[in-house]
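The values are calculated or read from the model by the stated rules, or taken from the named source; none is laboratory data. Keep in mind that what you see is a predicted model, and the values were worked out from it rather than measured. Glycine gets a Cβ as well: all are built from the backbone with ideal geometry, and neighbour counts include every protein chain shown.
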Amino acid sequence: MSAFGIYVHWPFCLSKCPYCDFNSHVAEAVDQDRWRAALVAELDHFAHETKGRTVGSVFFGGGTPSLMAPATVAAVVDRIARLWTLDDSAEITLEANPGSVDSARFAGLRAAGINRVSLGVQALNDGDLRFLGRRHDLGEALAAIDLARRTFPRMSFDLIYARPGQTAAAWEAELRRAIALAADHLSLYQLTIEEGTAFFAAHARGDFALPDEDAAAELYAATQAVTDAAGLPGYEISNHARPGAECRHNLLYWRGGDYVGVGPGAHGRLTVDGAVWALRQHRAPARWLEAVGRLGHGTHERTRLDPDERAEELLMMGLRLAEGVAADRFRRRAGRPLDEVLDRRGLARLEEGGFVVWDGRRLAVTGRGRPLLDAVLAELLA
């Protein structure tokens, strides 16, 4: 019960990237006062069933949260500090796009309480930035990275790899440059084609081709080799950091901690009287806003997870981490021993093949098994 965080979803962007399947919506103008009041109201609602908790992390995601007025961010952070105990060392992260920041806005966000920023850079060359539909160019990206490093105590940025025509040598060079810029944290995602995105239709038409399976595996291996050598090992499948610089809020998710999610489409996990509840807010911004105005919250689904669902979720999330799943934490959060959940024959096969390690206290996927995580999970839960 000790780990607790708050996720705040800001759904608005200036444009929709062709690869993006997140809950984001294009809006040129937003009524900041109305949205500020709604976010605060939903926080008030959740505070009633989470009294006495200490908030260790807050994450503003989206969408493009850097489009939020600093006054809106400040109001949300201030309300969180009033409703719960905000830990003195709490990590408060905000996602930003390089094209939506300037020194005054960053200064305002820092004054509002943001102490970690995550920049959606995605590529370090103009050609791939255009392909990915980004509004910024390389010069703007580099300026935003420099500004973030000078403004916030902690900074990270995202890159997307396995882009069309990308070679391992080119990616290694780009990654080394990124490591020099990022300092202590990078999020590195392999480009995937998601249904409902502009890329889905374009890829189906044959407008572009992604690297084949062997090339993608080579790019993944290059990612691990370069980041390991630079002292930023992968602590999670897509996230790399120097020891101690891991994103604390995302660790909360992967370790199965409790968190409140506010804003359109936000998810939450709450333990109440021993029961674990999965919550999801209304996805459409207008629908969420209307529900909050009428009910004080925009919860669309609230489902109690049964023991099997909770155990499977803890495994799925925890095995994304290099540290794996700790048996004692699993027992506390699933209410049952880890070794009771695992398929013994499947576990034995995976251990023999070098895909997982299990010593009775911790289950972890090896470097060999991490690219095959879905198959590993299926074998463990057979």
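Only a single item in (1) closer than 20 Å to Leu147 by Cβ; (2) within 23 Å of the chain's Cα centre (by Cα); (3) surrounded by fewer than 23 Cβ atoms within 10 Å (Cβ to Cβ) is not met by Leu94, and it is number (3). Do we find a residue being surrounded by fewer than 17 Cβ atoms within 10 Å (Cβ to Cβ), of a type in the set (Phe, Trp, Tyr) and assigned by TED's automatic domain parsing to the domain that holds Asn239 anywhere in region 192-200? Yes - at least one qualifying residue is present in region 192-200.
Mind checking whether some residue in region 81-91 is within 28 Å of Arg36 (Cα to Cα), β-branched (Val, Ile, Thr) and in contact (Cβ under 8 Å) with a residue 40 or more places away in the chain? No, region 81-91 contains no residue that is within 28 Å of Arg36 (Cα to Cα), β-branched (Val, Ile, Thr) and in contact (Cβ under 8 Å) with a residue 40 or more places away in the chain.
Considered as a group, the residues in region 55-100 that are touching a strand residue (DSSP E or B) at 6+ places or on another chain (Cβ under 6 Å) and assigned to a loop (DSSP other than H, G, I, E, B) include one that is nearest to Gly265 (Cα to Cα), and that residue is Gly63. Counting the residues of region 309-340 that are assigned to a helix (DSSP H, G or I) and in contact with an Asp or Glu (Cβ under 8 Å, 6 or more places away or on another chain) gives 1. Of all residues in region 313-337 being buried (at least 19 other Cβ atoms within 10 Å of the Cβ) and at pLDDT below 95, which is farthest from the chain's Cα centre (by Cα)? Among them, the one singled out is Ala334.
Picking from residues in region 373-382 that are surrounded by 15 or more Cβ atoms within 10 Å (Cβ to Cβ) and under 23 Å from the mean Cα position of the chain (by Cα), the one that is farthest from Val341 (Cα to Cα) is Leu373.
Would a scan of region 41-53 turn up a residue that is crowded, with 20+ Cβ neighbours inside 10 Å, modelled with pLDDT of 95 or more and acidic (Asp, Glu)? Checked against the condition, which is being crowded, with 20+ Cβ neighbours inside 10 Å, modelled with pLDDT of 95 or more and acidic (Asp, Glu), region 41-53 yields at least one hit.
Here Gly52 meets each of (1) more than 19 Å from the chain's Cα centre (by Cα); (2) assigned to a helix (DSSP H, G or I) with one exception, condition (2). Could you please let me know if Ala348 is of a type in the set (Gly, Ala, Ser), over 15 Å from Met316 (Cβ atoms) and out of contact with any Leu (no Cβ under 8 Å at 6 or more places or on another chain)? So Ala348 passes the test.
Filtered by the rule that a residue be under 14 Å from Ile179 (Cα atoms) and touching a helix residue (DSSP H, G or I) at 6+ places or on another chain (Cβ under 7 Å), region 213-226 gives Ala222, Thr223, Val226.
Residues of region 341-382 being of a type in the set (Gly, Ala, Ser), without any contact (Cβ under 8 Å) to a residue 40 or more places away in the chain and not in a helix (DSSP H, G or I), which ones? Gly353, Gly354, Gly360, Gly369, Ala382 - these are the residues of region 341-382 that are of a type in the set (Gly, Ala, Ser), without any contact (Cβ under 8 Å) to a residue 40 or more places away in the chain and not in a helix (DSSP H, G or I). Looking at Arg361, Arg310, Arg294, Arg368, just one residue is modelled with pLDDT under 95 and either over 26 Å from the mean Cα position of the chain (by Cα) or farther than 24 Å from Leu43 by Cβ (or both), and that residue is Arg368.
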